[in-house]
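Novice: First, the structure itself, so that you have it in front of you.
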Amino acid sequence: MTPNYPRDCWYVAATSDEVGSGLLGRTLLDRPVVLYRLASGEVVALEDRCAHRGYPLSRGRLDGGLLVCGYHGLRYDTAGACAGVPSQPNVPYGVRVRAYPVREQPPFVWIWLGQPGRSSLHSPPALPWLSGDGWSSSGTTVCVAANYMLVHEHYLDLTHIPEVHPEETPPGLEQLPPLDHVSVSEMSVTYTRTLPPADLADWEAEATGLPRDREYKRRHHGTFISPAILAEGWQIDGGDGQLYEQARIHAVTPESPARTHLFSRFAHNFALDRALVGQHLHAVMAKVMREDVAVIEAIEATAGYEGSASGIHLTADAGVLQVRRIVARMLATETGRTPAEADRAPRSAPAPKTARPG
Amino acid sequence: MNVSPTATFAGFVAAEKLADVVSTPKFEVEELETDLVVAGRDILAEGVVALSLVDPTGRPLPEWTPGAHVDLVPNASLVRQYSLCGSPADTGTWRIAVLRDPQSRGGSDFVHDKLHVGFSVRVRGPRNHFPLVSAPRYQFIAGGIGITPMLPMIEAAEAAGAAWQLAYGGRKRASMAFVGDLAAHGERVTIWPQDERGLLDLPGILGSARDDTLVYCCGPEPLLSAVEGACASWPAGALHVERFAAKPGADQPAPGARDSFEVICQRSGITVTVPAGRSVFEVLEDAGVSVLGSCLEGVCGTCEAAVIDGTPDHRDSVLSAEEQARNDAMMLCVSRSLSDRLVIDL
C-alpha cells in the first residue's frame, strides 16, 4: 500500500525523556531520522543517513555539538551541513544531510517532515491535559504493526468497548448508546456520547474512591485534532459536584504504511495528591492499550487498511467518515489533486487527472 | 457554561456538570459552532472593516488552511460567509474583512453597525471549498473584497517557495483593502483600480494556458464569469473560483428535470419522496437523516453528498462543470434529479 499520511503536519517524533545525551534513530513517515539533545537542551533532528555511504548516523557519536559518523568520521553540524572529513583537508562543496524542524512541548518532541517552508504556518497543538496544570499524566509508547488510520479509526468509534474490554465496561452497560453529536470543522472532528446511569466498573471505583451503592452518569468524548493526534476523555459525574475525568491522548506517527509509533498518555484530573491512583490508572490503561493494539494488528494482518476501509459503514462510523474526508483532502492538496476528486474516491487512489509537478 | 481545563481548543467539549447535559434524542453531525469576541476592529478602506475574533477565554481556535471561510451567525435567519484573511499560523485569532454592501440583506450592515470591540458573535466552521492545491506556480486574481482569501494563500505560496502573481482589481484605490500590505511584494502584485486603469486585462494577466500554474479567483460575479471564460482553454482543474452568491441562472432546471423523485439514503436505510417545491435537504432533515447545511443557496458546499446511483440536476454554484458532469456528488440544498430515483451515501 502506498503511504496514506499527510506530510505537512507536526508529528510526535519521540517523548522528551527518550531524547537524552545519546543518539536516537527512528523511522518516521518512511524517513530515517536521528534525534539528539545539545548541551543547551535543544533537540536536533537530522536525516539518519550519512551523505557519504549511507551509514546510519545514529550509530555514530556526538563530539561537542557535532554529530560524527561511525564509519569514516564525517562530522555534521546541527543544520546538517558537513563540517569536516578526517581523510582530507577540505569539505567537498555542499555536502549535507537534511535537518528537520523540531519543536519540544513536553512530554513530546514534535517534528515536521513535510515541505520545510510550510512548517512555519502550523504549530503543534496545545495539549493541556499533559501540561500538569490540574492534571496528572503518565504514558506508554509502542510500535503497532498496522496502518496509522487503523489506530485513529479504532479510537474514533468506542462502541467496541463492551466486546474488547469487558472488564473495564461499567456493569449493566451491554452496549454504548449512539453518539449525541459529531462536530466538524475544516481540520478537526469532535464526538460526544452520554451514557445512561450505571454502576462503577472496578477500575473506576478504585481510582475515584466513589461509593459503589449507586449508579453514575458518564460522558465520553473525543477529538481528532490532526492526523498526528487524537484525544478522548471519560467523564464520571460523581454526584458530589466533581467531574472525574480520565483522558487518553494518542499521538499517532506513521513509521511506514504498515507500522505506526503510538505514544499514548493517560491523564486524570482527580486525586492528584495520591500517587497510587495514578499508578492504578496507568496499569488499567496500559492493559486496555495492549488489548486495543492486538485488535488493530489483527485487522492489519488480515484485511489491511484498504480492506478494512472498504467494509460497510454503521451509524457509529460518523466520526470515522468525517476524519477520512479530512485526511483525503489533506492528501489531495499536498499531491496537487483537487480535493473534490479525493472526496469521492477515498478508498482508492486513482491517478491524478491533472498531474502537476511538485 | 463552565470552561474546562480539558479544552484543547474552542469547541472542544467543556466539562459542564453531566446533570446539565441533555442527551439529544436524535444523533446529529454538525459543524463546529462557537461564540467569539471581537478583539480588534480596523477600517481598512472605504466601506471595508476588518475584525479580529478571539475565544473569550483565550483558548486556541481550530486549525484552518488558506481559502477557508467561516459563517457568522448573528441569528438563525442571518448566516453569512466570510473568508479568513489572517495567518493560519495564528491559532489565537481569526481575521475577516467585510465590505459594506449597499444591497446588504443584513449581513454586512450587522458587521459594520453592530459588531464593536468586545461584542460577541456566533461563528460556525471553518470549512474550505477553495483549498490551495500544491503547485509550482499560482496566478491569483482578486476583485474588491475578494482579496481576503488571497492573503493567506500568498503567505502559503511564499512559505512553500512557489512562484506567484496577484492581479487585484477594485473600483478605486481608496476602496481597496490591504493595498499597503501588498506593496511589500513588489512586482508580484499588480494593483488595478478601475478608475485609473479600467477593467482587469485578463488576457494580458493570464497569457496562454500553462500546465504548471493554478489560477485562483475570488470577486464579484462579472469578474468570475470573465475569468471562467478566459480560462476555457486551460487544463481541467487549473481554475479555482470562490463564490459567495449563487451563479446567475444556476437555479434553472435542466431539461428532463423531475418535479418529484425518490431519494434513497444508502447507509441509514431511509427512503423519501421529494415533492415539487421542497428541497432534498428539507425532506431528508424532516425524515430524521443527519445532514449538514449552511447557506441553503448552493454556494457554501456544506451539504455536499456522494451520489451512488441516479443523475442529479445540478443547480449549485460550487461544483465546476467537470465535477457536475461526473454526477458522483450533489448539493442537497438546491440540486434535484433527472432520474426517478437518486441513491446517495448518507
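The values are calculated or read from the model by the stated rules, or taken from the named source; none is laboratory data. Quick caveat: nothing in here was measured; it's all calculated off a predicted structure. Don't worry about glycine lacking a Cβ; one is built from the backbone with ideal geometry, like all the others, and counts go over all protein chains shown. Just the protein is used for accessible areas: all its heavy atoms, side chains included, with ligands, DNA and RNA removed. Shrake-Rupley method; radii C 1.70, N 1.55, O 1.52, S 1.80 Å.
Novice: Counting only the backbone N, which residues of region A:26-48 are under 13 Å from the spot 7 Å out from the Cα of A:Y71 toward its beta-carbon?
Specialist: A:48
Novice: A follow-up question, please. Placing +1 at every Lys and Arg Cβ and -1 at every Asp and Glu Cβ, with all other atoms neutral, what dipole size does region B:171-293 have around its Cα centre, in debye to the nearest 20?
Specialist: Details: 11 positive and 16 negative charges, 34 e Å.
Rounded to the nearest 20 debye, it is 160 debye.
Novice: Tell me which of B:L223, B:V123, B:G92 sits at the most positive position along the dipole axis of the protein assembly as shown, charges placed on C-beta atoms (Lys, Arg +1; Asp, Glu -1).
Specialist: Of B:L223, B:V123, B:G92, it is B:L223.
Novice: Pop out the carbon and sulfur fraction of the accessible area of chain A as a percent, whole number, probe 1.4 Å.
Specialist: Working: 7320 of 14180 Å².
The computed percentage sits at 52.
Novice: Now for a different question. Answer with one residue from A:L200, A:V184, A:H250: the one whose Cα lies farthest towards the positive end of the charge dipole of region A:156-255, charges on Cβ with Lys, Arg +1 and Asp, Glu -1.
Specialist: The residue sitting farthest along the positive end of the dipole is A:V184.
Novice: At a probe radius of 1.4 Å, figure out the A/B buried accessible area, summed over both chains, and give it in Å² to the nearest 100.
Specialist: Working: alone 16720 and 16490 Å², together 28170 Å².
The contact between B and A buries close to 5000 Å².
Novice: If the only charges are +1 at each Lys and Arg Cβ and -1 at each Asp and Glu Cβ, what is the size of the charge dipole of the protein assembly as shown around the Cα centre, to the nearest 20 debye? Walk me through the intermediate numbers first.
Specialist: Numbers: 61 positive and 84 negative charges, 390 e Å.
Around 1880 debye, computed over the protein assembly as shown.
Novice: Hey, with R₀ at 35 Å, roughly what FRET efficiency would A:H52 and B:A236 work out to, going by the Cβ-Cβ distance, to 0.05? Intermediate results must be reported in sequence, preceding the final value.
Specialist: Values: r = 46 Å, r/R0 = 1.31.
Efficiency, from the Cβ-Cβ distance: 0.15.
Novice: Expressed as a whole percentage, what fraction of the accessible surface of region B:261-344 belongs to carbon and sulfur atoms when a 1.4 Å probe is rolled over the protein heavy atoms? Before the final figure, lay out the partial values.
Specialist: Details: 1390 of 3150 Å².
Carbon-and-sulfur percentage of accessible area, whole number: 44.
Novice: Please give the charge dipole size of chain B, origin at the Cα centre, charges +1 on K and R Cβ atoms and -1 on D and E Cβ atoms. Round to the nearest 20 debye.
Specialist: Numbers: 28 positive and 44 negative charges, 99 e Å.
I would put it at about 480 debye.
Novice: Once you put a point 7 Å from the Cα of B:Q103 and another 7 Å from the Cα of B:R171, both along the Cβ direction, what distance in nm separates them?
Specialist: If labels sit at B:Q103 and B:R171, their model points lie 1.3 nm apart.
Novice: Okay, moving on. Can you give the FRET efficiency to the nearest 0.05 for B:N327 and A:L314, using r as the Cβ-Cβ distance and R₀ = 22 Å?
Specialist: Numbers: r = 27 Å, r/R0 = 1.22.
After rounding to 0.05, the efficiency reads 0.25.
Novice: Please identify the DSSP H helices in chain A that span no less than 27 Å along the helix axis (Cα) and have a mean Kyte-Doolittle hydropathy of 0.0 or more.
Specialist: On the way: long enough: A:275-302 (41 Å, 0.67).
Taking the DSSP H segments of chain A (at least 27 Å long, mean hydropathy at least 0.0), we get A:275-302.
Novice: Using Cα pairs closer than 8 Å and at least 6 residues apart in sequence, work out the relative contact order for region B:297-340, in percent.
Specialist: Details: 71 pairs, mean separation 23.1, N = 44.
Across region B:297-340, relative contact order equals 53 percent.
Novice: Exactly which trypsin sites (Lys or Arg not before Pro) in region B:83-148 are in a DSSP loop and have at most 16 other Cβ atoms within 10 Å?
Specialist: B:R100, B:R105
Novice: In a GNM of chain A with a 10 Å cut-off on Cα contacts, which of A:N90, A:N147, A:N269 has the highest mean-square fluctuation?
Specialist: Among A:N90, A:N147, A:N269, the largest mean-square fluctuation in the Gaussian network model of chain A belongs to A:N90.
Novice: With the contact rule set at Cα under 8 Å and sequence spacing of 6 or more, what percent relative contact order holds for region B:15-127? Before the final figure, lay out each step's value.
Specialist: On the way: 195 pairs, mean separation 38.3, N = 113.
Rounded, it is 34 percent for region B:15-127.
Novice: DSSP loop (so not H, G, I, E, B), at most 16 other Cβ within 10 Å: list which trypsin sites (Lys or Arg not before Pro) in region A:219-328 pass both filters.
Specialist: On the way: sites: A:R219, A:R248, A:R259, A:R265, A:R274, A:K287, A:R290, A:R324, A:R325; in loops: A:R274.
Answer by residue number: A:R274.
Novice: Place a label point 7 angstrom from the Cα of A:E297 along the Cα-to-Cβ direction, then list the residues of region A:225-261 whose backbone nitrogen is under 18 Å away.
Specialist: The answer is A:252-261.
Novice: Compute the accessible area per residue over the protein assembly as shown, keeping the other protein chains in place, probe 1.4 Å, unit Å². Spell out each step's value before the answer.
Specialist: Details: 28170 Å² over 704 residues.
Accessible area per residue: 40 Å².
Novice: Additional query: Which Cα, out of A:C143, A:G70, A:Q235, lies furthest along the positive dipole direction of chain A (beta carbon charges, K/R +1, D/E -1)?
Specialist: So the residue we want is A:G70.
Novice: Shape verdict for the protein assembly as shown, please, from the Cα gyration tensor: rounded (a/c under 1.5), prolate (a/b greater than b/c) or oblate.
Specialist: Numbers: a/c = 1.62, a/b = 1.14, b/c = 1.43.
It comes out oblate by the Cα gyration axes.
Novice: Follow-up. Hand me the trypsin sites (Lys or Arg not before Pro) from region B:242-346 located in a DSSP loop with no more than 16 other Cβ atoms within 10 Å, in residue order please.
Specialist: Working: sites: B:R243, B:R258, B:R267, B:R278, B:R315, B:R326, B:R336, B:R341; in loops: B:R243, B:R258, B:R267, B:R278, B:R315.
Sparse-neighbourhood loop trypsin sites (Lys or Arg not before Pro): B:R278.
Novice: Could I ask something else about it? Ignoring any ligand, DNA or RNA, what whole percent of the accessible area of region B:137-242 comes from carbon and sulfur when the probe is 1.4 angstrom?
Specialist: On the way: 2140 of 4190 Å².
Whole-percent figure for carbon plus sulfur exposure: 51.
Novice: Something else: Could you work out, residue by residue across A:305-315, how many beta carbons of other chains sit within 10 Å of that residue's beta carbon, and then give the average as an integer?
Specialist: Mean number of neighbouring Cβ atoms from other chains: 1.
Novice: Using label points projected 7 Å from each Cα along Cα→Cβ, tell me how many nm separate A:A81 and B:I43, to one decimal.
Specialist: Here the modelled spin labels are 5.1 nm apart.
Novice: Starting from 0.36 nm per residue, how many nanometres of slack lie between B:A209 and B:S87 once their C-alpha separation is accounted for?
Specialist: Numbers: separation 122, 0.36 × 122 = 43.92 nm, distance 3.04 nm.
Taking B:A209 through B:S87 to full extension adds about 40.9 nm, to one decimal.
Novice: Region B:109-146: which residues show an accessible-area loss of 30 Å² or more, assembly versus chain alone, 1.4 Å probe?
Specialist: The answer is B:P126, B:N128, B:P131, B:V133, B:S134, B:P136 - residues whose exposure falls by at least 30 Å² when every protein chain is included.
Novice: Give, as a single signed number, the net charge of other residues whose beta carbon lies under 10 Å from the beta carbon of A:S119, with Lys and Arg counted +1 and Asp and Glu -1. List each step's numbers first, then the result.
Specialist: Details: positive: A:R103, A:R118; negative: A:D8.
Net charge around A:S119: +1.
Novice: Suppose a student asked you for the relative contact order of region A:107-238, using Cα pairs under 8 Å spaced at least 6 residues apart; what percent would you report?
Specialist: Working: 144 pairs, mean separation 21.0, N = 132.
Relative contact order, region A:107-238: 16 percent.
Novice: Please check region B:77-92 for residues whose accessible area, probe 1.4 Å, is lower by 20 Å² or more when all protein chains are in place than in their chain alone.
Specialist: Buried by the other chains: B:P88, B:A89.
Novice: Which residue, B:G186, B:G170, B:G118, tops the fluctuation ranking in a GNM of chain B built on C-alpha contacts under 10 Å?
Specialist: In the Gaussian network model the winner is B:G186.
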